[in-house]
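The values are calculated or read from the model by the stated rules, or taken from the named source; none is laboratory data. From a predicted model like this one, the values you see are computed outputs, not experimental measurements. Don't worry about glycine lacking a Cβ; one is built from the backbone with ideal geometry, like all the others, and counts go over all protein chains shown.
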Amino acid sequence: MYEKFFEKLKQGEDIAGAFTADFQMVLLISLGVLLFFRLFTTVRLAIVASFIALLLVIRAIPLVFRVSKEHSDTFDSMLFYFALAIGLVIVLLGGI
Amino acid sequence: MNLDTIFVPALLVAFPLIAAICLNFLHGKDRVVKAVAIISVVVVLVLPWITDAAVYWFGGHPQVENVTGGTNIVLSKLNLAIVYKYAAIQKLFIAILAILASAAVLIHFTERVSGVYVAMIMLGVASTSAVIMADDIFNIFVFLEILTISQAALVIAIGSIQAYKTAIKYLIFGGIAGSSILLGIAILLNNYGLLNVSDLNRAITLDIEAGIPHALIVACALIFVGWLFESGMVPFHIIKSDVYSKARPSVAAFMQTQTKFVLVALWVVILRLFYGISTFNALVLGVGILSMVFGVMMALKQTEITRLLAYVAVAQAGLVGVGLGIGTRAAVTASIFHAVNDALAMAILFLSVSVVLHITHTVDMRKMGGLLWKTGYVPFLCLLGIFAVSGMPPFNTYQSEFRIITAASTAGYPELSVLIILTSIATLVALMKGFYTIYLKEGQDYLTDKELTPVSYSWGTEVFMVLLVAICLAIGLTPQNVFPYIEQFVQTLGVI
C-alpha cells in the first residue's frame, strides 16, 4: 500500500486527500455491507460479512485512483453509467 | 384595489419571464440593460414577500366534482386548469433563489454588462419557481427543460472551449433525461388521462388497491431517471459538477441552489405519485449515499477550486437525498431543512471563489496562495462558510445535519449516522485544504509585483457574503423560525 501511494506521490498526486478519500471508501463499503446484511439477514452474519468486506477492501487500497479514473468527463463514460443506471432503476423498482 | 388579485403566485413566474424577454431584446444597450436588470432584481427580491400564500388556478377554472378520468376511476374532484400552490415553504425557496439570482446579476455587472446573460439568470428564476410551485406534471416538465437550457447558456457565456464542451454534454444528457420524464408522463396520461399531480395521486391511490400495474413501475423509473439528472445524483454527479465548475462562481452559487430546490420539489411529486412502490425509498437512499460519498471523495482529489466546491455541492445534495430516502417524517423534514441551509452555506463559498478568480485568473489551486491579507474580510467569511457547510454549530447546517443523523438512528440506520458524520469530517478536510492553498500557502507570481498592496476586488461580493453568513447564523441560532413551516409542509403531503 505504501509503495502504491509513494508511486502516486512521485506523479504529483495529492496523497493526503487521496488517503482521506480512501478511508471514506473503505467505510462506505464496510458499512454498506453491514447495513445490507443486517436488514436482510441476521446481525451475526452482517458482522461477519462486513468484516470480510473490510479485509477485502483494505487489500485493494488505494481505491480512490480507480474511482477517480471512472469519474472521467468523457461523454462515452458518462453515457455508459447513464445506461447502467436506467437499467438498474427499472430492475430495482420492478422488485426483481 | 385588492392587491391579492394582482400579486398572485403566477406573477412569480411571469415577471422574471417577461424581464428575461425584455433584457434579451435590449442586449447591446448597456445602460438600459443595467437599469432594467436592477429594477427586475428588486422586483424579484420583493415579489415573494408581498405575494400571499394561495392556490392559483390558471384561467380561474374551478374544480369540478365526480368526474370520470381517462379510465373508469371516478374522482370526487378534478382540477381543470394548471394549479400553482404557494405556501410558506415555496415562499422560502423562491426568496432564497431571488437573493442568489440578485448576487449573480450584480456581481456580473462588476465585470461587464450583457442582456442575454442576465436574461438567462431571470429564466432560471422563473423556471425554478414554476417547478417549486406547479401541481401539474407537464408544466413541471416544460420548466425543467427551460431550466436546463438556461443553465447551459450560462456555461456557454464563459466562452472557452471547455465550457462549450460541458454545455453540449449537459444539453445532450438534459435532452435524454427530459425525454425520459416526458415518456413517464405519457404513460401516466395514457393510463389515467390526468396531468394534475393531486388528481393523479388520488387516481393512483385508488388504482393500486388491486396491485401495482407494470406501467406505473415503468413510468416511475423513467421519471426517477429524470430526477437523478435534475438533482445531480449518481450517475449525473459528474456532469453536474462539471457544469458548476465551468460557470462563473457567482452563477454556480445560484445553480446549486436551483438544483437543491428542484431535487426536493421533484422528489415530492414522484413520492406523491409512486409512494406505493415499495423499493422507491430504498432507491432514493442508495443514490443519496453514493452521491454523498463519491461527491466528497472526488472533492478530496481535486486540484481546481471550482471543481472542489462543485463536488462538495454534489455531496451535500446526496445528503439531502439520504434524508429523503430514509423516508420517515423526521428525516424528510430535516432533509428539506438541509436543502435550504446548504444552499445558503455553499453560496458563501462560491462567492468567495468569485473574488479569488477575479485576482488570480486561474482555478488551479497549485498556482494559488498568499491571499490572506489581500482580500479584506473574504478569507474570514470563507472560513465561516466552510464551518457552515461542514455542519458546525452555531450555523444552520448543524441544525439540519444533526436532525438527519438523529432521524437515521431513530429509523434504524445507525450505520448511516456514522457515514454522515464521517462525510462531514471529510468535507471539512477537503474545504480546509482549499482554504490553506488559496489563503495560507506561500505567495505566487501574481502577487510578487505588488506584494504589500491589497489587491482590488468586488466589495459587492463581500456584502452578499456577509448577508448569507448572517442568514446562516440566524437560522442556526433560531431554527424555530423556519423548521415548523417545513414540518407543516411535510405533514400536508399526506403520504409519509
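Scanning the range B:353-373 for residues that are closer than 13 Å to B:Lys441 by Cα and either among the basic types (Lys, Arg) or part of a loop (DSSP other than H, G, I, E, B) (or both) returns B:Arg366, B:Lys367, B:Met368, B:Gly369, B:Gly370, B:Leu371, B:Leu372, B:Trp373.
So for the range B:393-407 (the condition being at pLDDT below 95 and not basic (Lys, Arg)), does at least one residue qualify? Within the range B:393-407 (the criterion being at pLDDT below 95 and not basic (Lys, Arg)), the answer is yes, since at least one residue qualifies.
Scanning the range B:170-182 for residues that are under 20 Å from the mean Cα position of the chain (by Cα) and either away from every other protein chain (no Cβ under 13 Å) or crowded, with 17+ Cβ neighbours inside 10 Å (or both) yields B:Tyr170, B:Leu171, B:Phe173, B:Gly174, B:Ala177, B:Gly178, B:Ile181.
Among the residues making up the range A:10-41, a single one is loosely packed, with under 13 Cβ neighbours inside 10 Å and either within 18 Å of B:Thr423 (Cβ to Cβ) or at pLDDT 85 or above (or both): A:Ala16.
Please find, within the range A:81-96, the residue that is modelled with the highest pLDDT out of those that are loosely packed, with under 14 Cβ neighbours inside 10 Å and more than 8 Å from chain B (Cβ to nearest Cβ).
To start, the set of residues in the range A:81-96 that are loosely packed, with under 14 Cβ neighbours inside 10 Å comprises A:83-84, A:87, A:91, A:95-96.
Pick out the ones that are also more than 8 Å from chain B (Cβ to nearest Cβ) and you get A:83, A:87, A:91, A:96.
Working: A:Ala83: 88, A:Gly87: 85, A:Val91: 82, A:Ile96: 51.
Within the range A:81-96, the match that is modelled with the highest pLDDT is A:Ala83.
What about B:Thr257, is it surrounded by fewer than 24 Cβ atoms within 10 Å (Cβ to Cβ) and either of a type outside the set (A, V, I, L, M) or within 11 Å of chain A (Cβ to nearest Cβ) (or both)? So B:Thr257 does not fit the description; no. Looking only at residues of the range A:43-80 that are buried (at least 17 other Cβ atoms within 10 Å of the Cβ) and among the hydroxyl-bearing types (Ser, Thr, Tyr), we find that the one that is farthest from the other protein chains (Cβ to nearest Cβ) is A:Ser50. The single residue among B:Ile405, B:Ile386 that is in a helix (DSSP H, G or I), among the β-branched types (Val, Ile, Thr) and touching a Ser or Thr at 6+ places or on another chain (Cβ under 7 Å) turns out to be B:Ile405. With respect to the conditions (1) modelled with pLDDT of 90 or more; (2) farther than 23 Å from B:Ala130 by Cα, B:Gly211 lacks only one, and its number is (1).
Looking across the range B:302-333, the residues that are aliphatic (A, V, I, L, M) and either within 14 Å of chain A (Cβ to nearest Cβ) or over 16 Å from the mean Cα position of the chain (by Cα) (or both) come down to B:Ile305, B:Leu308, B:Ala310, B:Val312, B:Val314, B:Ala315, B:Leu319, B:Val322, B:Ile326, B:Ala330, B:Ala331, B:Val332.
Here's the yes/no breakdown for (1) more than 12 Å from every other protein chain (Cβ to nearest Cβ); (2) assigned to a helix (DSSP H, G or I):
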{"position": "B:Ala152", "(1), (2)": "yes, yes"}
{"position": "B:Gly159", "(1), (2)": "yes, no"}
{"position": "B:Ala163", "(1), (2)": "yes, yes"}
{"position": "B:Ala167", "(1), (2)": "yes, yes"}
{"position": "B:Gly184", "(1), (2)": "no, yes"}
{"position": "B:Leu189", "(1), (2)": "yes, yes"}
{"position": "B:Leu194", "(1), (2)": "yes, no"}
{"position": "B:Leu200", "(1), (2)": "yes, yes"}
{"position": "B:Ile204", "(1), (2)": "yes, yes"}
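Of the residues contained in the range B:232-249, none is found to be within 12 Å of chain A (Cβ to nearest Cβ), surrounded by fewer than 24 Cβ atoms within 10 Å (Cβ to Cβ) and of a type in the set (Lys, Arg).
Entry remark, the range B:142-169: residues being among the aromatic types (Phe, Trp, Tyr) and under 16 Å from the mean Cα position of the chain (by Cα) number 1 in total. Residues in the range B:288-301 that are facing chain A (nearest Cβ under 8 Å) and buried (at least 24 other Cβ atoms within 10 Å of the Cβ) were compared, and the one that is nearest to B:Gly323 (Cα to Cα) is B:Ile289.
Any residue that is within 14 Å of another protein chain (Cβ to nearest Cβ) and within 23 Å of the chain's Cα centre (by Cα) - is there at least one of those in the range B:339-349? Checked the range B:339-349: no residue is within 14 Å of another protein chain (Cβ to nearest Cβ) and within 23 Å of the chain's Cα centre (by Cα). Of the helices (runs of 4 or more DSSP H) lying entirely inside the range B:249-347, the ones with 2 or more residues being among the small types (Gly, Ala, Ser) and more than 24 Å from B:Ala126 (Cβ to Cβ) are found at B:280-301, B:305-326.
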